[in-house]
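Accompanying notes for the structure given below.
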Amino acid sequence: MQDGLWCPGRRGRAAFTRIELAIVTVVVAVLVALVLPAIVRPHHPSRKPSCVNNLKQIGLAFRIFANDNNEKLPWEVSTNLGGSREFVDAPFSAFHHFQVMSNELSTPRLLVCHKDPQRTSATNFFSFRDNKALSYFAGFGTHVDDPSSFLSGDRFLGSTRAPTNGLLTLSPFSPLWWTKSPHADGGNVVMGDGSVQQLNSQGLLQALRNTGLATNRLALPLIGP
């Protein structure tokens, strides 16, 4: 106190120092750099699933169908009961064995590999009426208790045995390979237990031998005359 006057002390600081302001600016810039890309990144709802994911869903659908039909797969169940048995020997009928699983498959789009330029997916199961909307084979030799048999897989199969009306019959030691496959590493097969194996041609041949079946009958989605 001086000359009867009271001088109040300075309470706090009135503003940031330049160093503090620079630090805050840097922190804000870093946060913006981290958050902004997540906000503006475009969403791709139409991004196509991989062939392996398609086949996993197909394998699951077959297993669900069997669970609801006394452990029988579509080709073991009469058409009168919702199966496809009467189409086993019908020419170019691979699609029928997938068509009957419309309740188990979420969409027929799963039945076309996005790397298969010669197939176009159906928009719904009502329009799924031929092999033009199918990239995968069905393995008639498979039962739910045959975990190493061929349940389904990529259609790009080659063999010295020519298919008859879309049906390829193989013994355990028949030559078999991938041909014109869009997958650089070979192809994909759904086994009887629902698992998916990515195989090269040598692995495919070995898998055929490991099925333990005297005869493997594969319904290929070939286009009829």
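Figure legend. Inter-residue proximity from the range 129-146: first residues touching a residue at least 60 places away in the same chain (Cβ under 8 Å) and buried (at least 20 other Cβ atoms within 10 Å of the Cβ), second residues outside any loop (DSSP other than H, G, I, E, B) and charged (D, E, K, R), beta-carbon distance below 7 Å, spacing 6+ or different chains. Indicated pairs: SER135/ASP154; TYR136/ASP154; PHE140/ARG217; GLY141/ARG217.
This table checks each residue for (1) assigned to a helix (DSSP H, G or I); (2) small (Gly, Ala, Ser); (3) touching a Ser or Thr at 6+ places or on another chain (Cβ under 8 Å).
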| residue | (1), (2), (3) |
| --- | --- |
| ASN80 | yes, no, no |
| GLY83 | no, yes, no |
| ASP89 | no, no, no |
| PHE92 | no, no, no |
| PHE98 | yes, no, no |
| ASN103 | no, no, no |
| LYS115 | no, no, no |
| THR123 | no, no, no |
| PHE126 | no, no, no |
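Going by the structure shown, is CYS7 under 30 Å from ARG119 (Cβ atoms), out of contact with any Asp or Glu (no Cβ under 6 Å at 6 or more places or on another chain) and at pLDDT below 95? So CYS7 fails the test. Please determine whether any residue of the range 189-198 is over 29 Å from ASN70 (Cβ atoms), surrounded by 17 or more Cβ atoms within 10 Å (Cβ to Cβ) and under 16 Å from the mean Cα position of the chain (by Cα). The answer is no; no qualifying residue exists. With respect to (1) over 19 Å from TRP178 (Cα atoms); (2) in contact with a Lys or Arg (Cβ under 8 Å, 6 or more places away or on another chain); (3) polar (S, T, N, Q), the lone exception for ASN70 is condition (2). The set of residues in the range 75-109 being of a type in the set (S, T, N, Q) and surrounded by 14 or more Cβ atoms within 10 Å (Cβ to Cβ) consists of SER84, SER93, GLN99, SER102, THR107. No other residue among GLY224, GLY212, GLY203 is over 22 Å from SER93 (Cα atoms), of a type outside the set (Val, Ile, Thr) and over 23 Å from the mean Cα position of the chain (by Cα) apart from GLY212. Considering each residue of the range 78-96 in turn, at least one proves to be touching an Asp or Glu at 6+ places or on another chain (Cβ under 6 Å) and free of Cβ contacts under 8 Å to residues at least 24 places away in the same chain. Looking at THR160, THR179, THR164, just one residue is surrounded by fewer than 16 Cβ atoms within 10 Å (Cβ to Cβ), over 17 Å from ALA61 (Cβ atoms), of a type in the set (S, T, N, Q) and in contact with a Phe, Trp or Tyr (Cβ under 9 Å, 6 or more places away or on another chain), and that residue is THR179.
Among all residues of the range 145-164, there is none that is assigned to a helix (DSSP H, G or I), closer than 26 Å to ASN210 by Cα and within 16 Å of the chain's Cα centre (by Cα).
The values are calculated or read from the model by the stated rules, or taken from the named source; none is laboratory data. Everything quoted here is computed from the prediction, not taken from an experiment. With ideal geometry, Cβ positions are generated from the backbone for all residues, glycine too; neighbour counts draw on all protein chains shown.
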